[in-house]
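> This is the structure I have questions about; it appears just below.
The values are calculated or read from the model by the stated rules, or taken from the named source; none is laboratory data. A quick note: this is a predicted structure, and the numbers were derived from the prediction, not measured. Cβ sites come from the backbone with ideal geometry, for glycine too, and all protein chains shown count toward neighbours.
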Protein chains: 4
Amino acid sequence: MTDEAWGWEEARWRDVVGRVRAGRPLRPDRWKDGARCAVALSFDADHETSELRGGGTSVGRLAWGEFGARVGVPKILRVLAEREIPATFFVPAVAALLHPAQQLEVIAAGHEIGLHGWIHELNSGLEYEVERDLLQRSAETLEQLVGVRPVGLRTPSWDFSPHTLRIEQELGLEYDSSLMADEDCYELLADGEPTGIVELPVEWIRDDAVYLAMDRFGGIRPHTPPHEVLAIFACEFDRAYADGGVFQLTLHPHVIAYRSRIGILEDLIDHIRGHDDVWFATHRDVAAWARRHAA
Amino acid sequence: MTDEAWGWEEARWRDVVGRVRAGRPLRPDRWKDGARCAVALSFDADHETSELRGGGTSVGRLAWGEFGARVGVPKILRVLAEREIPATFFVPAVAALLHPAQQLEVIAAGHEIGLHGWIHELNSGLEYEVERDLLQRSAETLEQLVGVRPVGLRTPSWDFSPHTLRIEQELGLEYDSSLMADEDCYELLADGEPTGIVELPVEWIRDDAVYLAMDRFGGIRPHTPPHEVLAIFACEFDRAYADGGVFQLTLHPHVIAYRSRIGILEDLIDHIRGHDDVWFATHRDVAAWARRHAA
Amino acid sequence: MTDEAWGWEEARWRDVVGRVRAGRPLRPDRWKDGARCAVALSFDADHETSELRGGGTSVGRLAWGEFGARVGVPKILRVLAEREIPATFFVPAVAALLHPAQQLEVIAAGHEIGLHGWIHELNSGLEYEVERDLLQRSAETLEQLVGVRPVGLRTPSWDFSPHTLRIEQELGLEYDSSLMADEDCYELLADGEPTGIVELPVEWIRDDAVYLAMDRFGGIRPHTPPHEVLAIFACEFDRAYADGGVFQLTLHPHVIAYRSRIGILEDLIDHIRGHDDVWFATHRDVAAWARRHAA
Amino acid sequence: MTDEAWGWEEARWRDVVGRVRAGRPLRPDRWKDGARCAVALSFDADHETSELRGGGTSVGRLAWGEFGARVGVPKILRVLAEREIPATFFVPAVAALLHPAQQLEVIAAGHEIGLHGWIHELNSGLEYEVERDLLQRSAETLEQLVGVRPVGLRTPSWDFSPHTLRIEQELGLEYDSSLMADEDCYELLADGEPTGIVELPVEWIRDDAVYLAMDRFGGIRPHTPPHEVLAIFACEFDRAYADGGVFQLTLHPHVIAYRSRIGILEDLIDHIRGHDDVWFATHRDVAAWARRHAA
């Protein structure tokens, strides 16, 4: 007997596929204040956990992570403040514990903080109990630090395990932002059953690290010129606007905040603000609106 | 005795090279209705089988595959319908079984459905009997679902095994579209003997995934800007038109159908339609014409 | 008990993160002669040690390294001389011993030579005693060759070990240029204590090899067009100028000195020289000024 | 005792570095007929040996190699004939044996055929006797097929072993074109001794496969847009022209001859021909001139 996928029984592949599935679309006719398009910017503030997650202790890569907190987040907060734009920061609990004052600044500026794992761990290698314990402690840690309980999860590396959805339900979360079965919001199904949890979908196309990350010994290089990254993001927005949908974006402080790249964020926001019927909102607010006003 | 290739006997490398070979060119003087150039667009609708094929069960990557069926194919059908263009969809049997209604829509819109393996398996690792059984069951499955028996095969990942050609003959297929010994159609030879099977050649250059795919842990990144992908495809067409040949293209719903990329397809078709003596056709029709009217 | 990072005690990850940290910013109000911006160009003259470092003996890759000394450095010296720009060359001791006359030329032209390891070894795999011995011998070798004791270190491959900072202190170095926790100079902290050592930070973004390196069997390719590399470097300078900060750049003779790339350096310098209040200086002079005049 | 390179004795790394070295530059004041610049185009006609070399038997990749002979070389010969340009084809013996008539066409058109190994083997893994035997048989095979004994070698993958130079001397070759210690011709030294063999240097920068190759399972992608490849090649020529040196280029029939890429070759030649004091010549003629007329 082979265990190769071509030899799997139909029940087996149907079961694997059916665990987590996209349910009904959550596409409002209009967004808040009659806006035509919702814009949900997010920043995954991984900082030192990018290195720690795999047990790494490289001084150089930890300094890179430190850049995210020391230079990246302040620069991003300034760009957002100047343009009066709210956004969502997904922060691993360990990164928040390393930089607690910064989390308060983020909240004070009107932004949302969402869950992003304990130490940026990969969920799919964890037992259910471990994953649940880490996520629960992460929620408690963030709440203790900033006084607001997070209501949404972005799984680290978008690594959504077979247990993640159940844990999101158990923790009472309102939305997830790690999956990509659609370009607009939808309801997540667990083994075919509606869960009430909103998926605000991500996409590699709308992630800065895809184009601009660098991995010295692994062969990843930032080969896409910054102006081309801007053009891709702007085009994603233009069509989301035409569709009356959501434009969701995932950026990283240690990737986007450099002198030659922060202009991508500035110019993108300015391009979007050239349209007067756009609603900039946190992931939480977009997900809530989508759920309540789905057509 | 070494088994390194530099130590192989001449008979051995001649035997390996001679198994499947390009025979006589199948280049008609004119295409249907006197057209100067034939355009054969194809969409490899792998969906969830991209993940399943290797035994993977990642929720995130399955959601990515789901995007292909939920958003990708409908968007592509719309683009084709608006421009009244026929195309060929190569669909693994498992993908068709997961999305049966969609296959009927594809056929109802006048497109062709071709074979693309059972679960997107790699043929070159299979025994002859297994490969044959999977392909036979795939043909029966597609026929049962849509009422039309497929007449052409695109091997998954263009992984054409030493047994594939024999199996194509045994199944009575009319064409293959997995090899690349020419830019225009040719007859396949098996150990030097003509088989009557038409090769409608593919090329990495004319494949969206080459430029735009993303593999989080493997290092593949979508570094080519979309407008450059369009320019490459358009240039391939321009010279095919100048040559009076075939312009064949391989796209994937889970790669091309995003907001910032679907314009590649729209603009490419519009560029081609700027020429009035072009014949848009399914792979089946192009292969049949090439066989019947070869110069 | 797991040793996965998600199971680490808080003391453990705090300890790992705290070893080497960014301390107070060293940002002068004005640079020398009232300049608004400091420009620190560096050339990592690895030559044959790129191949030797890992025990490699490839004739082809050694010839590539030889290019750096035979063609690269002379061409760079000419570009700098024509524009009267000082710069810093970081040279592994073995590369200096292979090309001793060239080191004298570099010094005679008014440039700085800094430490860059013995044979471009990776520090993080070394015992403290070995790393210290290699660096001490490197300093002595360079001093014997050119009569000037180096005062700064760029760790090979920016691989800063947990022992590097202590060794820099023991050797009495004035600055390091291997870390990246900021875009402007800062003081390095060892376990939270100020060390007096200035970090003049590097960044992959400002490194030619990131965009232009080639690794035949490892998959790295020079996919970024030279004019885009120039645009990125120029943008990094423009914002450094706007910030009143430092523009630091890392180039390699065996990467930048080719006919189609040396124009990146020429055009970049000419772009910068279009501003009259810029101070071109060696890393040593920039670090010293930053320490003495920090706001 | 460690065997890490940082622990090597000075004699050891000096010995490794000194085996093959660049000797005196071979830079004539003027090229033939007073030309200011020499242009040496080469085509590595690997065809099926790209797959066979490593023992591979993939039908798909062999078809790709077949493209090089079936479509690639004829198209290239046409481009060269239309512009009356001589070039050098480096052909593995096995590729020549698979396509003997094509080698005669190449010679009849006035081009040179040079050595390129037996089956595109990697030399650095071979014993001296094996490498010598393969190269000797390759030279005899090419001579028997076309009636001209080759006088130059391009090692497959530019993999020049510690034995290659000695074997080149024993076979009485006049030039090598596999190394890269300079941009212009130079004499090769063996352990410090002049060999009389001219190196006509190659460079990854001037190789089409670097930018345009595709390796389905290895992660290499053709991310550089064709017009950017042309711009890099043209810039390499422009500076070679300014230097009064050699512009050498390495192309591959199975890479450059596609509809969207052959224009790189056409446009490049047309750009070069816009200068009237350029000498297009085979590698053999350029090497011979450089040796005889070195300043």
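> Is it fair to say A:Ser260 is of a type in the set (Ser, Thr, Tyr) and at the interface with chain B (Cβ under 8 Å from one of its Cβ atoms)? Can you show your working first?
Numbers: of a type in the set (Ser, Thr, Tyr): yes; at the interface with chain B (Cβ under 8 Å from one of its Cβ atoms): no.
No; evaluated as a whole, the condition is false for this residue.
> Further question: Filter the range C:226-239 for residues that are buried (at least 20 other Cβ atoms within 10 Å of the Cβ) and either out of contact with any Pro (no Cβ under 8 Å at 6 or more places or on another chain) or in contact (Cβ under 8 Å) with a residue 60 or more places away in the chain (or both) and give the result.
C:Pro226, C:Val229, C:Phe233, C:Glu236, C:Phe237
Residue-wise test of (1) within 14 Å of chain A (Cβ to nearest Cβ); (2) out of contact with any strand residue (DSSP E or B) (no Cβ under 9 Å at 6 or more places or on another chain); (3) free of Cβ contacts under 8 Å to residues at least 60 places away in the same chain.
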position: B:Gly244; (1), (2), (3): no, no, no
position: B:Leu249; (1), (2), (3): no, no, no
position: B:His254; (1), (2), (3): yes, yes, no
position: B:Leu268; (1), (2), (3): no, no, yes
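> Can you name the residue in the range B:207-225 that is acidic (Asp, Glu) and modelled with pLDDT of 95 or more and is also surrounded by the most Cβ atoms within 10 Å (Cβ to Cβ) among such residues?
Looking only at the range B:207-225, we keep the residues that are acidic (Asp, Glu), and these are B:207-208, B:215.
Keeping just the survivors that are modelled with pLDDT of 95 or more gives B:207-208.
Working: B:Asp207: 21, B:Asp208: 25.
Ranking the candidates gives B:Asp208 first.
> Take the residues in the range B:131-158 that are more than 14 Å from chain D (Cβ to nearest Cβ) and touching a residue at least 60 places away in the same chain (Cβ under 8 Å), then tell me which one is farthest from B:Phe90 (Cα to Cα).
B:Val151
> Can I ask one more? Condition first: buried (at least 24 other Cβ atoms within 10 Å of the Cβ) and within 14 Å of chain A (Cβ to nearest Cβ). Now tell me which residues in the range B:79-92 satisfy that.
Hit for the range B:79-92 is B:Pro92, nothing else.
> State which residue is surrounded by the fewest Cβ atoms within 10 Å (Cβ to Cβ) when the search covers only the range D:39-68 and only residues that are more than 7 Å from chain B (Cβ to nearest Cβ) and among the small types (Gly, Ala, Ser).
The extreme case among them is D:Gly56.
> Select, from D:Leu173, D:Leu179, D:Leu188, D:Leu200, the only residue that is within 14 Å of chain C (Cβ to nearest Cβ) and either under 14 Å from D:Arg284 (Cβ atoms) or without any contact (Cβ under 8 Å) to a residue 12 or more places away in the chain (or both). Break it down into steps so the answer makes sense when it comes.
Details: D:Leu173 fails: within 14 Å of chain C (Cβ to nearest Cβ); D:Leu179 fails: either under 14 Å from D:Arg284 (Cβ atoms) or without any contact (Cβ under 8 Å) to a residue 12 or more places away in the chain (or both); D:Leu188 fails: either under 14 Å from D:Arg284 (Cβ atoms) or without any contact (Cβ under 8 Å) to a residue 12 or more places away in the chain (or both).
Exactly one residue qualifies, and that residue is D:Leu200.
> A further question follows. May I ask you to verify whether D:Ser58 is of a type in the set (Ser, Thr, Tyr), touching a His at 6+ places or on another chain (Cβ under 8 Å) and within 28 Å of B:Gly7 (Cβ to Cβ)?
So D:Ser58 does not fit the description; no.
> What are the residues in the range D:148-158 that are farther than 23 Å from C:Gly56 by Cα, in a loop (DSSP other than H, G, I, E, B) and touching a helix residue (DSSP H, G or I) at 6+ places or on another chain (Cβ under 6 Å), if any? Explain how you work it out, then say what you get.
Quick first cut of the range D:148-158, residues farther than 23 Å from C:Gly56 by Cα only: D:148-153.
Still in the list and also in a loop (DSSP other than H, G, I, E, B): D:148-151.
Residues satisfying the conditions are D:Arg149, D:Pro150, D:Val151.
> Filter the range D:214-242 for residues that are small (Gly, Ala, Ser) and facing chain C (nearest Cβ under 8 Å) and give the result.
D:Gly218, D:Gly219, D:Ala231, D:Ala240
> Answer yes or no: is there a residue in the range B:179-193 that is under 21 Å from B:Glu112 (Cβ atoms), at pLDDT 95 or above and either among the hydroxyl-bearing types (Ser, Thr, Tyr) or over 18 Å from the mean Cα position of the chain (by Cα) (or both).
Within the range B:179-193, one or more residues are under 21 Å from B:Glu112 (Cβ atoms), at pLDDT 95 or above and either among the hydroxyl-bearing types (Ser, Thr, Tyr) or over 18 Å from the mean Cα position of the chain (by Cα) (or both).
> For the subset of the range A:107-130 comprising residues that are over 18 Å from the mean Cα position of the chain (by Cα) and not in a loop (DSSP other than H, G, I, E, B), which member is farthest from the other protein chains (Cβ to nearest Cβ)?
Among those residues, the one meeting the criterion is A:Ala108.
> Let me ask you something else. Filter the range A:1-37 for residues that are away from chain B (no Cβ under 14 Å), surrounded by 13 or more Cβ atoms within 10 Å (Cβ to Cβ) and out of contact with any His (no Cβ under 6 Å at 6 or more places or on another chain) and give the result.
Scanning the range A:1-37 gives A:Arg30, A:Trp31, A:Lys32, A:Ala35, A:Arg36.
> Next up: Tell me, yes or no, whether the range B:212-230 has at least one residue that is aliphatic (A, V, I, L, M) and touching a strand residue (DSSP E or B) at 6+ places or on another chain (Cβ under 8 Å).
Yes; the residues of the range B:212-230 include at least one that is aliphatic (A, V, I, L, M) and touching a strand residue (DSSP E or B) at 6+ places or on another chain (Cβ under 8 Å).
> Another question, then. Every residue in the range A:240-295 that is surrounded by fewer than 19 Cβ atoms within 10 Å (Cβ to Cβ), of a type in the set (Lys, Arg) and out of contact with any Leu (no Cβ under 8 Å at 6 or more places or on another chain), please.
A:Arg273, A:Arg292
> Now, a different point. Looking only at residues in the range B:103-131 that are under 26 Å from B:Arg273 (Cβ atoms) and either in contact with a His (Cβ under 8 Å, 6 or more places away or on another chain) or of a type outside the set (Gly, Ala, Ser) (or both), which one is surrounded by the fewest Cβ atoms within 10 Å (Cβ to Cβ)?
Within the range B:103-131, the match that is surrounded by the fewest Cβ atoms within 10 Å (Cβ to Cβ) is B:Glu105.
> Evaluate the following for A:Ser161: is it within 24 Å of A:Glu121 (Cβ to Cβ), polar (S, T, N, Q), at the interface with chain B (Cβ under 8 Å from one of its Cβ atoms) and assigned to a loop (DSSP other than H, G, I, E, B)?
yes
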